Amino acid sequence: MLAKQYEITLPADYDLDVIRRRIKAGAPILDDRPGLGFKAWLLRERGTDGSPVNQYAPFYVWRSDGAAAEFLVGGGGFANIVRDFGRPAVHHWTVLAHFSGPARRTDPVPGTAVRRLTAVPTDPDPLALAAHVDREVEQLRELARRPGVHTAVLALEPTRWELLRLTLWSAAPEQPQQPQQPQQPQQQQQAADGSTAVFRVPHLSAPELSALPEGRAW
């Protein structure tokens with residue numbers, strides 16, 4: 001499974017209804033897209049939920065590498081973004097774990113997404129990475145059990161050695177508290193703190209969400 005996201009940062013005075021209309025028009029095209037686990041059509045507004053910017057930032061989890069490649073460079077959809085906004089950087093992560101939450105059964109379209117990006121702490125122990133990911137997976141498993149959680153994903157970008165945790169909530173999350181973490185050296189703790197962004201979810205295209213493997217990816 002691959003996770004992808006690109007971010008279109010818009011002017012401060014941009015009319016975000018333009019993006020909402022774009023989402024409404026484009027969503028049906030991906031609602032039954034083969035190979036796509038889900039696409040969360042993410043939007044954040046300057047001054048709302050602590051956002052410093054207006055931003056359109058769709059997030060995808062693909063079941064099929066070929067379907068993801070076709071979408072990106074095979075004329076399968078991304079060409080519309082390039083036509084209207086220029087060609088943005090597309091961030092890629094390998095999905096390490098996926099969990100469904102209680103809200104998926106009652107709220108097909110979540111209202112809010114919380115994205116946390118953290119650096120993987122540097123450690124000379126060659127087994128430290130596996131141990132760190134084990135902790136992150138278990139924390140995600142616990143988080144996914146909370147009322148209001150729709151979907152939770154953990155993924156890794158091994159060029160920057162960055163972990164992504166995306167949580168879809170049925171509404172605004174209970175101030176997303178972080179699960180208790182074991183004590184770490186100060187340098188490692190600073191790396192793990194990372195950054196968090198909150199997005200609204202005007203639409204969720206989920207053609208193969210129910211087919212995504214539950215739990216750890218291996």
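The values are calculated or read from the model by the stated rules, or taken from the named source; none is laboratory data. Model, not experiment: these values are computed from the prediction. When we count neighbours, we look across all protein chains shown, and the Cβ atoms used for this are built from the backbone with ideal geometry, even at glycine. For accessibility, only protein heavy atoms count, side chains too; no ligands or nucleic acids. Shrake-Rupley method; radii C 1.70, N 1.55, O 1.52, S 1.80 Å.
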Determine whether the range 58-68 contains at least one residue that is over 25 Å from Trp218 (Cα atoms), touching a strand residue (DSSP E or B) at 6+ places or on another chain (Cβ under 7 Å) and either modelled with pLDDT of 95 or more or in a strand (DSSP E or B) (or both).
yes
Looking across the range 149-183 at residues that are outside any strand (DSSP E or B) and hydrophobic (A, V, I, L, M, F, W, C), the single one that is modelled with the highest pLDDT is Trp161
If we keep only residues of the range 117-148 that are open to solvent by 10 Å² or more (accessible area, probe 1.4 Å) and in a strand (DSSP E or B), then the residue farthest from Thr159 (Cα to Cα) is Leu117
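Quick one: would you say Ala130 is in contact with an Asp or Glu (Cβ under 8 Å, 6 or more places away or on another chain) and among the hydrophobic types (A, V, I, L, M, F, W, C)? Walk me through how you get there before you give the answer.
Numbers: in contact with an Asp or Glu (Cβ under 8 Å, 6 or more places away or on another chain): no; among the hydrophobic types (A, V, I, L, M, F, W, C): yes.
When the stated conditions are applied, Ala130 does not pass them.
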Per the list (1) over 17 Å from the mean Cα position of the chain (by Cα); (2) within 16 Å of His203 (Cβ to Cβ), residue check on Val61 breaks on (1)
